[in-house]
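Colleague: First the structure, then my questions, so here it is.
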Amino acid sequence: MSSMRTPMRSHYCGELNESHIGADVRICGWVHRRRDHGGVIFIDLRDREGLVQVVFDPDAPESFQAAERVRNEYVLQISGTVRRRPEGTGNADMTTGQIELLGKQIEILNAAETPPFQIDEDDIGEELRLRYRYIDLRRPVMQQRMQLRARIARQLRRFLDERGFLDIETPILTKTTPEGARDYLVPSRTHPGEFFALPQSPQLFKQLLMMSGMDRYYQIVRCFRDEDLRADRQPEFTQLDIETSFLNEDEIMGLMEEMIRELFAQVLDVTLPTPFPRMTYAEAMRRYGVDKPDLRIPLELVDVADLMQDVEFKVFAAPAKDPKGRVTALRLPQGGNLSRKEIDDYTQYVGKYGAKGLAYIKVNELAKGRDGLQSPILKFLPDATVTGILQRTAAADGDLIFFGADSAKVVSESLGALRIKLGHDLNLLTSAWQPLWVVDFPMFEWDDKENRWAALHHPFTAPNIDDAQALRDNTGEALSRAYDMVLNGTELGGGSVRIHREDMQAAVFELLGIGHDEAREKFGFLLDALKYGCPPHGGLAFGLDRLVMLMVGANSIRDVMAFPKTQTAACMLTNAPSPAGEKQLRELGIRLRAKAAE
C-alpha cells in the first residue's frame, strides 16, 4: 500500500495569477492581514513569493469559523479555487491583484502571539529588528533582498564554473598571520596554550592552490576580522575569492570586469560600460581625495598650494610650503545660495576628518572683481592669488569655492568626504552606476607610528619592479601590481598579481620589518612552497555583502545579511558573545594558565 501523502501545497502564494483561474490549489503561509467585512472574511496570506487574497464566506461554516479565529502571523494551510476578483476590486500594486482564492478548507498549522512589530512597518528600530531577526526577515523587503542575494551568488558561480574555475574550500581554523586587522583566536583543547586563528581571508591558501596546479580557483567564503565596525564592515563577512595562474593583471581585470558586467545585465537588466575606465591611485587622490572615487559626482579637488606659498595668511601659507601639506579648492557650481548655517554645518562635518575649519569664497559677480566676491578670507589674499584661484577652478557667477589647508592626509580625507556629501545632499549624481578600476597603487606607505614601511595592500602583492635589490633601492617610489574595482564610490573588490619568487618575497618581508626568524615562524610553509615551482599567479576578492548592498539599494551590509552583528560586534538574537562555562575553560587550560601567571 502506498504511503505517499498529498503535498502540503501546490503553489506559492505570490505565483498565482490569471492563468490559474478555475484551478483548485493549496497554499501555505503566514497571515499578513485579516479583515472582516460584515459576513465575509478576507485573509491576505503571505509567503516568500508574495501575497494572495483569500475569501471565506458563511456558505462553508467550518472554514469560516476557523478563519474567524486567525490573527496576524498565524501559519495556515488553505485549499480553494482561484477566481477573478469582482470588477473594480483589483489591486494593481500586487502581482496577484487580479485574482483571489475562494477558501474551502483552512487548517491552522500554528498560532502566533502578537509580534513585537508589524511586518508591513517601515520605521522599526534596528535593535528591535536584530533582536527578532526571524520576524524581520519575514518582511517583504527582506525576503526580496535575500532572494536577490541568492540569485547574485548563483550567477557568479555560473559565470566562474563556465570558465573553468574550481570551487575549492579552504580551512577555517588556521594560523594567525599579520594581515592588517586583529585575528579572532580559537583556543585549542588538544594543544593547551596554543591557538588557531579564524581567517581574515583565504589569501595564503589560494596561493598554495596555484602552486598545487589548480590553475583557477574560486570560493564564496566566510572571513573574520576583529576590528571596529561601520556601515560596510562586520566581524564576519562573505567574499567571493578568486585566484588564477598564468594570467597577467590586464587579463584578470578583463575577466572580472566581464563577470560584473554580465551579473548586472542578468540580475538588474543594467548595462555597464565596456570597458570600465581606469585611473591611477595618484590621480584619484589628487582629483577626488580618495582611492575609491564616486565618478557620478561632477566635483573635483584642485590644488592651489603654489598660489598660496607667499600669502601672509599662515593657515594657507604653512601647509603650502610643507612637503607633506596640501592646499586644495573645491568648486561647487551654483553653490553661492548656500546659507551661512549650511556652510557652518559643512564646517562641522569636515571637522570629523580632522579639518580645523572650512574657508570659502562666494562668487557673486565676476565682472565686479573683488567687489563681486564674498568671503572672510579675501582680506588675506592678494589680487594675483585670487585671480589665479578663480581661473584654476573655472569659477563662474553663483559658484562657491571651499578650501582645505592642512596635511595632505587631512585635506584629502576631509574635502574628499565633503565632495561626497555635497553630491548626495544637493542631488548632483549624473548617472545610476559608475564603475572604475583604480591601478598603480604605491607598494608601500610609511608608518610614522611604527617608524617603518607598511604594505598598502598585503605583503604578498607583487611590485612592478622585477628585481629584489632594485626594490630595496627604490622602496618609496615602487608601485604595486594591484588593482581595485570601485562602483559608485564603494570598493567592490581588490586584488593583485602575487609574488611568485622566494627572493622577492623575502625582500618584501625584510622591507616590512619582518625578520628572517619571524618570517620562517609565520610564513615558513609559504616560503618553502615558493621553492618548488610556483607559477605566476594573481587574483581578486569581491566583498559579496557590499556588492549585494549596492545592487539592492540598501544603506548597510547588515540589511543584506541574514543574521548580522551590531556595531559593537554582538548578536542581539542569541546574546552572543557570552561567558563560557567553568568546565569549558578548564578543558581549554585558560584558567589554569591564568592562575599560573598569578
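The values are calculated or read from the model by the stated rules, or taken from the named source; none is laboratory data. Source: prediction; values computed, not measured. All Cβ positions, glycine included, derive from the backbone under ideal geometry; neighbour counts span all protein chains shown.
Colleague: In the set R71, R5, which member is modelled with pLDDT under 95 and assigned to a loop (DSSP other than H, G, I, E, B)?
Modeller: Values: R71 fails: modelled with pLDDT under 95.
Unique residue meeting the criteria: R5.
Colleague: Now a separate question. Can you tell which of G22, G90 is at pLDDT below 95 and surrounded by fewer than 16 Cβ atoms within 10 Å (Cβ to Cβ)?
Modeller: Within the list G22, G90, the selection yields G90.
Colleague: Could I ask something else about it? Which members of the stretch 439-463 meet the condition of being of a type outside the set (D, E) and assigned to a strand (DSSP E or B)? Working first, answer last.
Modeller: Kept after step one, since they are of a type outside the set (D, E), are these residues of the stretch 439-463: 439, 441-444, 446, 449, 451-463.
Within the stretch 439-463, V439, P442, F444, W446, R452, W453, A454, A455, T461, P463 qualify.
Colleague: Continuing with the same structure: Could you list, in sequence order, all residues of the stretch 312-333 that are over 10 Å from G404 (Cβ atoms) and assigned to a strand (DSSP E or B)?
Modeller: G325, R331, L332
Colleague: Which condition number in (1) buried (at least 17 other Cβ atoms within 10 Å of the Cβ); (2) in contact with a Leu (Cβ under 6 Å, 6 or more places away or on another chain) is the one that D399 fails?
Modeller: Answer for D399: the failing condition is (2).
Colleague: Additional query: For the stretch 8-66, how many residues are assigned to a loop (DSSP other than H, G, I, E, B) and not hydroxyl-bearing (S, T, Y)?
Modeller: Number satisfying all stated conditions: 18.
Colleague: May I ask you to list pairs of residues, at least six apart or on different chains, whose Cβ atoms are under 7 Å apart, with the first in the stretch 359-388 being more than 18 Å from F402 (Cβ to Cβ) and not assigned by TED's automatic domain parsing to the domain that holds A318 and the second being at pLDDT below 95 and polar (S, T, N, Q)?
Modeller: That search, which allows pairs on different chains as well, returns nothing.
Colleague: Can you tell me which residue within the stretch 114-142, out of those that are free of Cβ contacts under 8 Å to residues at least 24 places away in the same chain and part of a loop (DSSP other than H, G, I, E, B), is nearest to W30 (Cα to Cα)?
Modeller: Step by step, filter the stretch 114-142, then rank; the result is R139.
Colleague: Within the stretch 498-530, take every residue that is aromatic (F, W, Y) and buried (at least 17 other Cβ atoms within 10 Å of the Cβ) and give me the one that is nearest to L471 (Cα to Cα).
Modeller: Step by step, filter the stretch 498-530, then rank; the result is F509.
Colleague: Which pairs have Cβ atoms under 9 Å, sit 6 or more apart or on different chains, and link a residue in the stretch 290-306 that is within 17 Å of P277 (Cα to Cα) and touching a residue at least 12 places away in the same chain (Cβ under 8 Å) to one that is assigned to a loop (DSSP other than H, G, I, E, B) and among the β-branched types (V, I, T)?
Modeller: Short answer, once both residue conditions are applied: L295/T430; R296/T430; I297/T430; P298/T430.
Colleague: Let me ask something additional. Quick one: how many residues across the stretch 116-138 are within 20 Å of C13 (Cβ to Cβ) and modelled with pLDDT of 95 or more?
Modeller: Final tally of qualifying residues: 5.
Colleague: Here is a follow-up. Which ones in the stretch 158-203 are within 25 Å of R520 (Cα to Cα), part of a loop (DSSP other than H, G, I, E, B) and among the hydrophobic types (A, V, I, L, M, F, W, C)?
Modeller: I172, L173, A181, L198
Colleague: Moving to a separate point now. Provide a single number: the residues in the stretch 457-495 that are crowded, with 19+ Cβ neighbours inside 10 Å and either basic (K, R) or without any contact (Cβ under 8 Å) to a residue 12 or more places away in the chain (or both).
Modeller: Final tally of qualifying residues: 1.
Colleague: Related question: Among the listed residues Q98, Q65, which satisfies the condition of being in contact (Cβ under 8 Å) with a residue 40 or more places away in the chain and farther than 15 Å from D120 by Cα? Spell out how you get there, then give the answer.
Modeller: Working: Q65 fails: in contact (Cβ under 8 Å) with a residue 40 or more places away in the chain.
From the options Q98, Q65, the qualifying one is Q98.
Colleague: Would you check which residues across the stretch 437-456 are within 12 Å of G494 (Cα to Cα) and either surrounded by 19 or more Cβ atoms within 10 Å (Cβ to Cβ) or at pLDDT 90 or above (or both) and list them?
Modeller: W437, V438, V439, F441
Colleague: When E283 is evaluated against the numbered criteria (1) in contact (Cβ under 8 Å) with a residue 12 or more places away in the chain; (2) surrounded by fewer than 18 Cβ atoms within 10 Å (Cβ to Cβ); (3) assigned to a helix (DSSP H, G or I), which criterion, by number, is the only one it fails?
Modeller: (1)
Colleague: Given the condition surrounded by fewer than 18 Cβ atoms within 10 Å (Cβ to Cβ), part of a loop (DSSP other than H, G, I, E, B) and under 18 Å from the mean Cα position of the chain (by Cα), answer yes or no: does some residue in the stretch 220-228 qualify?
Modeller: For the stretch 220-228, residues surrounded by fewer than 18 Cβ atoms within 10 Å (Cβ to Cβ), part of a loop (DSSP other than H, G, I, E, B) and under 18 Å from the mean Cα position of the chain (by Cα): present.
Colleague: Can E194 be described as crowded, with 16+ Cβ neighbours inside 10 Å, modelled with pLDDT under 95 and within 30 Å of E518 (Cβ to Cβ)?
Modeller: It is false that E194 is crowded, with 16+ Cβ neighbours inside 10 Å, modelled with pLDDT under 95 and within 30 Å of E518 (Cβ to Cβ).
Colleague: Consider the stretch 147-167. How many of its residues are touching a residue at least 40 places away in the same chain (Cβ under 8 Å), over 17 Å from V270 (Cβ atoms) and either hydroxyl-bearing (S, T, Y) or surrounded by fewer than 17 Cβ atoms within 10 Å (Cβ to Cβ) (or both)?
Modeller: Number of matching residues: 7.
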